[in-house]
Each structure stands twice: as structure tokens, then as C-alpha cells.
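Colleague: This is the structure I want to talk about, given as C-alpha cells.
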Amino acid sequence: MDYDTLVPVMRKLAIEAGEKIMEIYNSDDFDVKVKSDDSPVTEADETADALISAGLRDAFPDVMLVTEEQAASHSAKGDTFLIVDPLDGTKEFINRRGDFTVNIALVEAGIPTRGVVYAPAKNRMFFTLANGQSVEETGDFDPETLGATVEIHVSDPDNGALMVVASKSHRDQATDDYIGKYAVKDMTSAGSSLKFCLIATGEADLYPRLGRTMEWDTAAGHAVLNGAGGQVVRYDDLNPLVYGKDGFANPFFIAYAPGVELKPSA
């Protein structure tokens, strides 16, 4: 894969999808449907998916594409592919809470190597450069012109006082019990893949997820975190989280700055 070609395409498509999403978000009303797994889907999910998929297929016709909104792609097999969640945090979108993101990533040999996470309602954009370093872009988010960027890096955490980020919609007792194993300075909540990005920027140190996720939920944020020096491991055995699994379903996992001394799950 030519990263110098890939990165501008992913960035451009994420911004254009974000513009479409915000048009619907700011409208008076929008329809909400329920998918076969009882999760919600909106016109914004579908519109963003169509735009991103068409753009990726046009630019990279020979690369396997997996996207949340296209069930036929979920039976694809391979460890190298493009993967898309056009609107991660649909519940946040429906409730107009703003914590939703556009996510596009490249997975190579089971590892997310390049990705973009764009939160249009929060005016935050994170992505990996062609060289793999993650940055946050600021400015007007012109699809054609890169704005000012700053390199992002994980924190050097004080294990006596960690900042923990957790889900707004999926906190449970098991998660709280695991967090309770650490000395926690403070906790923050965030929706969607923004949790990975908060660790990537050093705004948080630890994000445990003891709940169901799919690879399209995590790949872009995982890539951004990798490019900022962070890691994502399985909750059960602390081995690296890999992609291209059967059905693209994830086990429980922990995303963290490597200076965190991880506690065992048992």
C-alpha cells in the first residue's frame, strides 16, 4: 500500500462524510431504523458509508473492504484490508451528544497501521501520517488542503494516579471492578473511538473495554494510538489485539499508554 496516496484519501473522505453527517445532525429531524442486531442506524450512517465506500473502492479497487453498514462485507476473509465505521457512536448522534466519529483504517497482517478518526461535532481530527506518526489536525478541515497538525504522543503515566477513560454508554460493574485495581487520579468519559484518541494525546492513560465491540469500532482508533506510542491488548491474556478475526468481532481489550503497569484480569 502506498501510504502517501492512502492517507490523503482517508482524510478527505472522513471530512466529506463528516460534512454530510453534520447536515443531518443539524436538521430538525431524521429517521432512526433498527438493524437485525437491535442496534440503531440513521440516514447519516448510510449516507456516510456510501460516500466513503465509493471513494475507497475507486482509489483502491484491489484492496478488501469491510464496512459496518454492508453486511455482505462481514463474511470477507483476510488479514489485510480497509475497514470503515462511517458513524461510530450512533446513540450519541441520535441523542445529539456530539461524541460520534467517522472511522477509516488500513489493517495489514492483522495490525491497524494507518487510520483516521474524525469527530465533526467536536471539531477534532486525528490521523496517522504516511510515516506512521499520529497527529491531531486543527483548523477548518478543508478536504483538499491539510491544515496545521501537531504530533501526538501517549503520556508517561504516574501509576499512583492514572487518568482513566471509559464509555459513556457501556459502563458496567465488571469494568468498574477492573478499574478499581488501579490508583486512579480521575476519570473521564467519552463516546465512540475518541477514547483511543484521548490516550493517544496523553489526556488519558487507560481504557479498559469489557463489552462487545467489532473491529470497525476500534481499528481506526487503534491505528491512531499505535502511531502515538500506545498499545491495545486482549483483556484475558494481555496479548496484542489482532484483526481479521472470524466475523470481525473483538474480545474484551485494554488500550493504554505503555507506562501503565497492567493488572491481570483474574
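Colleague: Identify, from the list Lys20, Lys33, the residue that is in contact with a Leu (Cβ under 8 Å, 6 or more places away or on another chain) and either at positive phi or of a type in the set (Lys, Arg) (or both).
Modeller: Values: Lys33 fails: in contact with a Leu (Cβ under 8 Å, 6 or more places away or on another chain).
That would be Lys20, the only listed residue that is in contact with a Leu (Cβ under 8 Å, 6 or more places away or on another chain) and either at positive phi or of a type in the set (Lys, Arg) (or both).
Colleague: May I ask you to list pairs of residues, at least six apart or on different chains, whose Cβ atoms are under 6 Å apart, with the first in region 17-31 being within 13 Å of Ala119 (Cα to Cα) and the second being at pLDDT below 90?
Modeller: Ile21/Ala44
Colleague: Within the bounds of region 130-143, is there any residue that is out of contact with any Leu (no Cβ under 8 Å at 6 or more places or on another chain), closer than 12 Å to Thr201 by Cα and among the aromatic types (Phe, Trp, Tyr)?
Modeller: No.
Colleague: If Val135 satisfies every condition in (1) assigned by TED's automatic domain parsing to the domain that holds Leu87; (2) under 21 Å from Leu241 (Cβ atoms); (3) of a type outside the set (S, T, N, Q) but one, which is the exception?
Modeller: Here Val135 meets the rest and fails (2).
Colleague: For Leu106, indicate whether it is surrounded by 18 or more Cβ atoms within 10 Å (Cβ to Cβ), in the same structural domain as Ser39 (by TED's automatic domain parsing), of a type outside the set (Val, Ile, Thr) and at pLDDT 95 or above. If you could, list the steps in order and put the result at the bottom.
Modeller: Details: surrounded by 18 or more Cβ atoms within 10 Å (Cβ to Cβ): yes; in the same structural domain as Ser39 (by TED's automatic domain parsing): yes; of a type outside the set (Val, Ile, Thr): yes; at pLDDT 95 or above: yes.
Yes; evaluated as a whole, the condition is true for this residue.
Residues are listed down the side, and each one gets a yes or a no for (1) among the charged types (D, E, K, R); (2) touching a helix residue (DSSP H, G or I) at 6+ places or on another chain (Cβ under 7 Å); (3) part of a loop (DSSP other than H, G, I, E, B); (4) under 10 Å from Tyr256 (Cα atoms):
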site	(1), (2), (3), (4)
Val164	no, yes, no, yes
Arg171	yes, no, yes, no
Ala174	no, no, no, no
Asp177	yes, no, no, no
Lys181	yes, no, yes, no
Lys185	yes, no, no, no
Ser192	no, yes, yes, no
Phe196	no, yes, no, yes
Glu203	yes, no, yes, no
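Colleague: Return the total of residues in region 137-162 being surrounded by fewer than 14 Cβ atoms within 10 Å (Cβ to Cβ), part of a strand (DSSP E or B) and in contact with an Asp or Glu (Cβ under 6 Å, 6 or more places away or on another chain).
Modeller: 1
Colleague: Checking Ser192 against (1) closer than 22 Å to Ile94 by Cβ; (2) free of Cβ contacts under 8 Å to residues at least 60 places away in the same chain, which test does it fail?
Modeller: Unmet condition: (2).
Colleague: Inspect all residues belonging to region 53-76 and state whether any of them is over 20 Å from Ala200 (Cα atoms), buried (at least 17 other Cβ atoms within 10 Å of the Cβ) and modelled with pLDDT under 95.
Modeller: To start, the set of residues in region 53-76 that are over 20 Å from Ala200 (Cα atoms) comprises 53-76.
With the extra rule that they be buried (at least 17 other Cβ atoms within 10 Å of the Cβ), the set shrinks to 53, 55-56, 60, 65-69, 73.
Subsequent filtering for residues that are modelled with pLDDT under 95 retains 68-69.
Within region 53-76, one or more residues are over 20 Å from Ala200 (Cα atoms), buried (at least 17 other Cβ atoms within 10 Å of the Cβ) and modelled with pLDDT under 95.
Colleague: Follow-up question, since we're still on this one. Restricting to region 7-52, and then to whatever is of a type in the set (Val, Ile, Thr) and farther than 25 Å from Gly132 by Cα, can you tell me which residue is surrounded by the most Cβ atoms within 10 Å (Cβ to Cβ)? Before the answer, list the steps.
Modeller: Kept after step one, since they are of a type in the set (Val, Ile, Thr), are these residues of region 7-52: 7, 9, 15, 21, 24, 32, 34, 41-42, 47, 52.
Add one more test, that the residue is farther than 25 Å from Gly132 by Cα, and what stays is 21, 24, 32, 34, 41-42, 47.
Working: Ile21: 26, Ile24: 19, Val32: 15, Val34: 9, Val41: 18, Thr42: 19, Thr47: 18.
Result: Ile21.
Colleague: Moving on. Pick out the one residue from Asn103, Asn123 that is within 16 Å of the chain's Cα centre (by Cα) and without any contact (Cβ under 8 Å) to a residue 24 or more places away in the chain. Walk me through how you get there before you give the answer.
Modeller: Details: Asn103 fails: without any contact (Cβ under 8 Å) to a residue 24 or more places away in the chain.
Only one candidate passes the filter, namely Asn123.
Colleague: A further question follows. Cβ contacts < 8 Å: first residue more than 10 Å from Leu82 (Cα to Cα), restricted to region 53-71; second residue loosely packed, with under 13 Cβ neighbours inside 10 Å, any location; separation 6+ or different chain. Result?
Modeller: Ala59/Thr5
The values are calculated or read from the model by the stated rules, or taken from the named source; none is laboratory data. None of the values given here were measured: they were computed from a predicted structure. With ideal geometry, Cβ positions are generated from the backbone for all residues, glycine too; neighbour counts draw on all protein chains shown.
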